[in-house]
Amino acid sequence: MSFTAEVKDELARVPPTCSHCEKATLAALVRIEGTLFFSGQGTYRIEIATDVPSVARLIIKLLHELYHLKTELTVRRSVLHKTPNYLIEVPAQPHLADALRDMGVLSEEGGLELGIKEGLVAKECCTAAYLRGAFLGSGFVSDPRGDFHFEVTVESEDLAEGLVELLDRKGINARVMQRRSSHMVYLKSGAAILEFLAFTGAHQSALSMENARVIKSVRNDVNRMTNAEIANQAKAASASVDQIYAIREVLEAHGMENLPPALQEFIRLRVTYPDATLKELGERATPPLSKSAVYHRVRRIEQMAKELHR
């Protein structure tokens, strides 16, 4: 099961906080995932499709309990997709138009409602319920082990802006991007996605995401430290090679016996321990030397080698 399906399954089981929350959830689901068919004066039917069985059960339950509407369920299986698709049909019936107006799908004048009906989201718990329904309808959230991405796709720009406004009430910064004929409300920040999950009631999913985020952060820190260590080792190895070339030139020109004791000791240490850092060479000296003292000897050798080329 994908992480999106896991989140939807959890959200579909969140109990309502007040008596209006379920209406807000159903309203968002019908607005976003439903297809409305008009077949004459005041006569409508709806089709709602979902891939998540718990979401299909929730839709049917709410349509029955809140509006006493008759529904028909068809389970469809695609050749390309292993998971079944659930088609919920609400045939034309006497009270369907009233239910659509109550859910903010139809306006009081009989046209389509463009934005979000304010009465549905008057309370904070109902705002969370509406956002929950929006995600259940067309939400997607990427696997938290990869890059963070969250989106809800809707057809109306007004509805997209309405969702952004609802998120903003909770301090969650969302943006809208047009994609062909639809509009995508998206979050890119891992913190914003966590806030959404927690606000809408997906606490287990939020915990899973936070755990994945911590693991990813630790892994990134380890990788950075490893890369830095490798870079330092490569830098030290390159410096060691340059020092050995300089030593060879100095020895060929002057001979070991004609060099000061300090330089003789450094040469013996460098040749014996070609992979050691300056700090490690200083620790092996007798008596031990500071890194700056060893570096001073390196500078003297390099300067002597440079003078040979003049």
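We did not get these values from a lab; they are worked out from the coordinates using the rules stated. This structure is a prediction, so every number in the text was calculated from the model and none was measured. We place every Cβ from the backbone using ideal geometry, glycine too, and count neighbours over all the protein chains shown.
When we measure straight from the Cα of Lys291, which aspartates and glutamates land under 13 angstrom away, once same-chain ones fewer than 8 places off are left out?
Excluding near neighbours in sequence, the set is Glu280, Glu283.
I need the chymotrypsin sites (Phe, Trp or Tyr not before Pro) found in segment 92-159, filtered to DSSP loop residues with at most 12 other beta carbons within 10 Å of theirs.
none
Cα-based Rg (one decimal) and Dmax (whole number) for the chain, in Å?
Values for the chain (Cα only, Rg and Dmax): 34.3, 111 Å.
Within segment 26-108, report the chymotrypsin sites (Phe, Trp or Tyr not before Pro) that DSSP leaves as loop and that have at most 15 other Cβ atoms within 10 Å. Intermediate results must be reported in sequence, preceding the final value.
Working: sites: Phe37, Phe38, Tyr44, Tyr67, Tyr86; in loops: none.
For chymotrypsin sites (Phe, Trp or Tyr not before Pro) across segment 26-108 that sit outside H, G, I, E and B with at most 15 neighbouring Cβ atoms in 10 Å, the list is empty.
Can you give the relative contact order of the chain as a percent, counting alpha carbon pairs under 8 Å and 6+ residues apart?
Value for the chain: 15 percent.
So which trypsin sites (Lys or Arg not before Pro) in segment 121-152 end up in coil per DSSP with only 15 or fewer other C-beta atoms within 10 Å?
Lys123, Arg145
Need one number: nm distance between label points at Ser181 and Ala231, each 7 Å from Cα along Cα→Cβ, rounded to one decimal.
It works out to 5.0 nm between the two label points.
Considering only Cα-Cα distances, which of the following residue pairs are longer than 24 Å: Lys188/Lys216; Lys117/Lys188; Lys23/Lys70; Lys235/Lys306; Lys235/Lys279?
Lys117/Lys188
Over the C-alpha atoms of segment 233-307, what are the Rg and the largest Cα-to-Cα span, Dmax, in Å?
Radius of gyration, then largest Cα-Cα span, for segment 233-307: 11.4, 32 Å.
List the aspartates and glutamates whose Cα lies under 12 Å from the Cα of Lys82, skipping any in the same chain that are fewer than 8 positions away.
Asp51
Tell me which residues come under 5 Å, amide H to amide H, from Leu69 once H is placed; ignore anything under 5 positions away on its chain.
Close amide H contacts, sequence-distant or interchain: His64.
Comparing Arg77, Arg300, Arg224, which has the greatest mean-square fluctuation in the GNM of the chain with Cα pairs linked when under 10 Å apart?
Result for the chain, Cα springs under 10 Å: Arg300 fluctuates most.
Please provide three numbers in whole Å: the alpha-carbon extents of segment 1-101 along the principal axes, with the largest listed first.
42, 38, 18
For segment 72-159, I need the span (max minus min coordinate) of the C-alpha atoms along each principal axis, in Å, sorted largest to smallest.
45, 33, 24
Could you check the simple spin-label distance between Ala293 and Leu207, using points 7 Å along Cα→Cβ, in nm with one decimal?
My value for the distance between the label points is 5.8 nm.
With just the Cα atoms defining each centre, how far is segment 230-264 from segment 43-111? Give it in Å.
81
Using a Gaussian network model on the chain with a 10 Å cutoff between Cα atoms, which of Val214, Val30, Val152 fluctuates the most?
Looking only at Val214, Val30, Val152, the largest GNM fluctuation is found for Val214.
Compute the longest continuous run of the chain that contains no exposed GluC sites (Glu not before Pro); treat a site as exposed when its DSSP state is not H, G, I, E or B and it has at most 10 other Cβ atoms within 10 Å.
110-310
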